[in-house]
1. Give, rounded to the nearest 20 debye, the magnitude of the charge dipole that the range 62-195 has about its Cα centre when Lys and Arg contribute +1 at Cβ and Asp and Glu contribute -1 at Cβ.
2. Hey, which aspartates and glutamates would be in cross-link range of LYS19, C-alpha to C-alpha under 20 Å, not counting anything within fewer than 8 residues on its own chain?
3. Who wins for biggest fluctuation among LYS234, LYS100, LYS299 in a Gaussian network model of the chain, springs between alpha carbons below 10 Å?
4. Which value, in debye to the nearest 20, gives the size of the charge dipole of the range 200-275 about its Cα centre, when Lys and Arg are +1 and Asp and Glu are -1 at the Cβ?
5. What number do you get for the range 189-323 when its Cα radius of gyration is normalised by 2.2 N^0.38 Å, N = residues?
6. Which Rg and Dmax, in Å, describe the Cα atoms of the range 90-159?
7. Restricting to Cα pairs below 8 Å that are 6+ residues apart, what does the relative contact order work out to for the range 93-219? Please round to a whole percent.
8. Below 8 Å between Cα atoms, with a sequence gap of 6+, how large is the relative contact order for the chain in percent?
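Where a number appears in this text, it was derived from the coordinates with a stated rule and is not lab data. Everything numeric in this text was worked out from a predicted model, so none of it was measured. Here the Cβ positions follow ideal geometry from the backbone for every residue, glycine too, while neighbour counts run over all protein chains shown.
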Amino acid sequence: MNGEFLMAIELIAKEKGIKKETLIDAIDAALITAYKKNYGTAQNVKVSIDKETGEVEVFALKNVTEETENVLMEINIEDARKINKKYIVGDVAEIKVTPKDFGRIAAQTAKQVVVQRIREAERSIIYEEFINKEDEIVNGLVQRKEKSNVFIDLGKTEAILGPNEQTPGEIYNVNDRIKTYVIEVRKTTKGPQVLLSRTHPGLVKRLFELEVPEIKEGIVEIKNIAREAGARTKIAVYSHDENVDAVGACVGQRGQRVQLIVDELRGEKIDIIEWNSEAAIYVASALSPAKVINVRINKEENTANAIVSDSQLSLAIGKEGQNARLAAKLTGWKIDIKSESQIFNE
């Protein structure tokens, strides 16, 4: 190594946000390993790097004793004082053992360490950036597909959209730009692993926060979301300002706000209902678009019995029971739906 190499280390440290001392310490440790590996010794050694010239020296560390039993670990007092007259029994003597060609090995080793530490630092920076994006939306470009996984380019790193997080029926073409929801960021030996989702209810929540200023400002609150990705979502909202219509704010003028979200979700239907602390009213709203005549609540059994007209029964239940299922998930009540004629015939 030379002085220019040390200057380069200093510049790299500043650029990558790594402490210079951290790099030097890592190089020291690597040089000790390299020395022992190349020269087959079990001695205790230390490495010294001249901060000005970059010259590397290796010193064997030996305990100063009256008599030596292990020449690799000990040196007698007479020999020790030939190196330095100040040594006394009990000191650790430093004996220069730098091999002639060690400079080449040192330069090679130092370069490898610096490259490795830069890689680790970059991974750490990326991890810190994306760990703060958990539960947030990120924009990305579909890069490739491998088996059932879709890999999304997020700029600084590549993320994974796993099979269980892909919306049924959605097709992901290479170079498609899509919004995804960060569900988890993991630290791995190969760097941070970012896991994405297109099915998580949090994606719908964040999309509404992006499109509806009243939600971002805290005037309108999203109370709950029930979702069957690719088919239908029900979202319950509440206004903290009596002059602001929560549902209207989310729908937007001529339905523009909600339409942008539907387009992003590639046609997924969205029912926006008003949250109500009165369970019966809330359940009736949750069964939208069906019109409910009456709801009876049984708190002990956590059930809600909803009555609809005969013409509204299939709408209330929904295709394959989806509407009723989502309403139950949204409200937290077990919902039993019956038509007027069913009630009359009981």
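1. With Lys and Arg at +1 and Asp and Glu at -1, about 600 debye.
2. Correct list for LYS19: GLU4, GLU10, ASP28, ASP50, GLU52, GLU120, GLU122, GLU128, GLU129.
3. Judging by the Gaussian network model, the answer is LYS100.
4. 380
5. 1.18
6. Using the Cα atoms of the range 90-159, the pair Rg, Dmax is 22.1, 66 Å.
7. 23
8. 9
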